[in-house]
1. Just to be sure I understand the filter: pairs with C-beta atoms under 7 Å, separated by 6 or more residues or on different chains, first member in region 5-24 and farther than 22 Å from G123 by Cα and of a type outside the set (A, V, I, L, M), second member part of a strand (DSSP E or B) and modelled with pLDDT of 95 or more. Which pairs pass?
2. Test of understanding: among G140, G78, G126, which residue is within 24 Å of R18 (Cα to Cα) and buried (at least 20 other Cβ atoms within 10 Å of the Cβ)?
3. Please tell me if P116 is without any contact (Cβ under 8 Å) to a residue 12 or more places away in the chain and not hydrophobic (A, V, I, L, M, F, W, C).
4. Under 17 Å from I71 (Cα atoms) and either in a loop (DSSP other than H, G, I, E, B) or touching a His at 6+ places or on another chain (Cβ under 6 Å) (or both) - does that describe any residue in region 27-39?
5. Run down L151, L136, L132 and say which single residue is at pLDDT 95 or above, farther than 26 Å from A58 by Cβ and not hydroxyl-bearing (S, T, Y).
6. Assess whether V45 counts as being over 19 Å from G140 (Cβ atoms) and not in a helix (DSSP H, G or I).
Amino acid sequence: MSNTEDPIRAAVLTVSDRCSRGDAVDTSGPGLCEMLRSRLGAIVVATRCLPDEMDALAACFVEWSRPEARIDLVLSTGGTGLAPRDVTPEAAKRVFEREHSGLMELARLRCMSKTPRTFLSRGVAGTVGRTLILTLPGSGRGSSDNLEALLDILPHAVETLRGEVQDDGRPEAAAVTGKVIRHER
């Protein structure tokens, strides 16, 4: 469950040519939505399914990262593999203001014991303004395992992006804005 005072506001983008045409049923996106709600106490404010088209994906990331959207966390599922049309990481990198490679490195390391195929994902993470974007694998298992691997640190990441973290446990710290967040070690 999230440590943040206000629930995390999230959006989930499914990247799939077949699902976007109606030739297949999306299971990864709804699975991520359920995990966000049940495990992080997040509010899922937007979902979308798009084909593997770089411009459309980048435009969606930009739209959901606008300050007026008030979305803290964007998860995409799909398009992170080695297939020629897998362009989700490139679309995300096109719009990132700051890349955060450590998050997906951690997800892959934590998923390694389940399957070495986790390293076939080229998923990336980064920020646009105060929105964190994570690009996860397209399979139901791969996307949920990767999200599971990061659930313990995502609330703190969102708090930090929101500007809520002034102190992370120093007992002598004084609040500047009236708010000090303390985390158990």
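1. P7/I43
2. Numbers: G140 fails: buried (at least 20 other Cβ atoms within 10 Å of the Cβ); G126 fails: within 24 Å of R18 (Cα to Cα).
Among G140, G78, G126, only G78 is within 24 Å of R18 (Cα to Cα) and buried (at least 20 other Cβ atoms within 10 Å of the Cβ).
3. Details: without any contact (Cβ under 8 Å) to a residue 12 or more places away in the chain: yes; not hydrophobic (A, V, I, L, M, F, W, C): yes.
Spelling it out, P116 is indeed without any contact (Cβ under 8 Å) to a residue 12 or more places away in the chain and not hydrophobic (A, V, I, L, M, F, W, C).
4. Looking for residues that are under 17 Å from I71 (Cα atoms) and either in a loop (DSSP other than H, G, I, E, B) or touching a His at 6+ places or on another chain (Cβ under 6 Å) (or both), one finds none in region 27-39, hence no.
5. Exactly one residue qualifies, and that residue is L151.
6. Working: over 19 Å from G140 (Cβ atoms): yes; not in a helix (DSSP H, G or I): yes.
Considered against the rule, which asks whether it is over 19 Å from G140 (Cβ atoms) and not in a helix (DSSP H, G or I), V45 comes out as yes.
Per-residue answers, yes or no, for (1) buried (at least 18 other Cβ atoms within 10 Å of the Cβ); (2) without any contact (Cβ under 8 Å) to a residue 24 or more places away in the chain:
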residue: A46; (1), (2): no, no
residue: L57; (1), (2): yes, no
residue: F61; (1), (2): yes, no
residue: W64; (1), (2): yes, no
residue: E68; (1), (2): no, yes
residue: V74; (1), (2): yes, no
residue: L82; (1), (2): no, no
residue: H100; (1), (2): no, no
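The values are calculated or read from the model by the stated rules, or taken from the named source; none is laboratory data. None of these values were measured; they are calculated from a predicted model. FYI the Cβ positions are ideal-geometry reconstructions off the backbone, even for glycines, and counts take in every protein chain you see.
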